[in-house]
Amino acid sequence: MKDTSPFILIVEDDPALSEALHGGLMEVGYGCRVAGSVKDAEEIIAVNLPGLILLDMGLPDGEGAELLDTIRKAAPALPVIITTARSELTDRLSGLERGADDYLVKPYAFEELLARIRIQLRHAQRTRLQQQVGDLHLDLPSRTATRGGRLLDLTPREFDLLVYLSTLQGDVATREMLQHEVWKVNSTMTSMDNVIDVHISRLRQKLDGEGQSSLLHTVRGVGFVLKEKP
Ligand code: CA
């Protein structure tokens, strides 16, 4: 059975350290996997996305910073904590510039690491409950949508539609995707294209207030995309 539960990926080439981290994190209840090189880490990430990555900068087959680029392409919001030796200060800076969320200088106390992990996981959890596209803000727990501070009066379906489109982060949704993911209809017996088009056009009217640029774009022959610029 494929394990899809969130785990912490420890990218570390020092076996004694990775073993200690693995043991310590498992003991407090985190699922963990260890990668000793850039290649190992890439293989794991390609199959299952971790919930958080602890990333050593100096790895035998490359720099942790390069791996960070790959991670950011695959999962822009995935929390990454860089761990680095004091002598690798420039690496640390380049890591932060490339979008790491936090860093720890070795040697660090395990309790300190745990605290940082908790902060990052909590933050990631919150991010999933809030979506932002341009000046459009979606609050999932309260199911409210505001654009530039203006509260939008949406039907439940329109809200679901917006949430789904926002999670695609600028990728196009086809009508088939919307039918399946928003309307939860799998049957292909009847086309829902008209229903979907009507909802999209109504939603677009509600989204775009006076003087506001369009956020919901039609990609001719393909589908729809929610983003600032078409
Ligand atoms: Ca190292």
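Every read-out reported here was derived from the displayed coordinates using simple, explicitly stated rules and does not represent laboratory data. This structure is a prediction, so every number in the text was calculated from the model and none was measured. Neighbour counts are summed over all protein chains in view; Cβ atoms, including those assigned to glycine, are modelled from backbone coordinates with ideal geometry.
Out of all DSSP beta bridges in region 8-128, what portion is antiparallel? Express it as a percent rounded to 5. Write down the numbers at each step before the final one.
On the way: 2 of 19 bridges.
Roughly 10 percent of the beta bridges in region 8-128 run antiparallel, per DSSP.
About the Cα centre of region 134-226, how large is the charge dipole given +1 on each Lys and Arg Cβ and -1 on each Asp and Glu Cβ? Please answer in debye to the nearest 20.
Roughly 100 debye for region 134-226.
According to the square roots a ≥ b ≥ c of the eigenvalues of the Cα gyration tensor, what is the shape class of region 134-226, taking rounded for a/c under 1.5, prolate for a/b larger than b/c otherwise, and oblate for the remainder?
Here region 134-226 falls in the prolate category.
Taking neighbour Cβ counts within 10 Å as the exposure measure, how do L215, L129 sort from fewest upward?
L129, L215
Going from the alpha-carbon gyration tensor of the chain, what semi-axes, largest first and in whole Å, does one get by taking the root of 5 times each eigenvalue? Before the final figure, lay out the partial values.
On the way: eigenvalues 328, 72, 54 Å².
Each semi-axis is the square root of five times an eigenvalue, giving 40, 19, 16 Å.
Considering amide H positions built from the backbone, and no H for Pro or chain starts, which residues 5 or more places from D208, or on another chain, come under 5 Å of its amide H?
Those lying under 5 Å, H to H, from D208: there are none.
Which value at 222 nm does the chain reach when only helices count, each DSSP H run of 4 or more adding -39,500 (n - 2.57), with the total divided by all residues and rounded to the nearest 500 deg cm²/dmol?
Helix contribution divided over all residues of the chain: -13000 deg cm²/dmol.
Considering only the chain, what is the antiparallel percent among its DSSP beta bridges, to the nearest 5?
50 percent
Within a 10 angstrom radius of the beta carbon, how do I45, I71 rank from fewest other beta carbons to most?
Lowest count first: I45, I71.
With labels modelled as points extended 7 Å from the Cα through the Cβ direction, what inter-label distance (nm, one decimal) is found for H217 paired with R157?
Those two pseudo-labels are separated by 2.6 nm.
Could you line up S166, S37 from fewest to most neighbouring Cβ atoms inside 10 Å?
By the 10 Å Cβ count, ascending: S37, S166.
Could you tell me how many degrees, from 0 to 90 and to the nearest 10, lie between the Cα long axis of helix 15-27 and the main elongation axis, the longest principal axis, of the Cα atoms of the chain?
Roughly 60 degrees between the two axes.
Relative contact order for the chain using alpha-carbon pairs under 8 Å, separation at least 6, rounded to a whole percent?
Reported as a whole number, the value is 12 percent.
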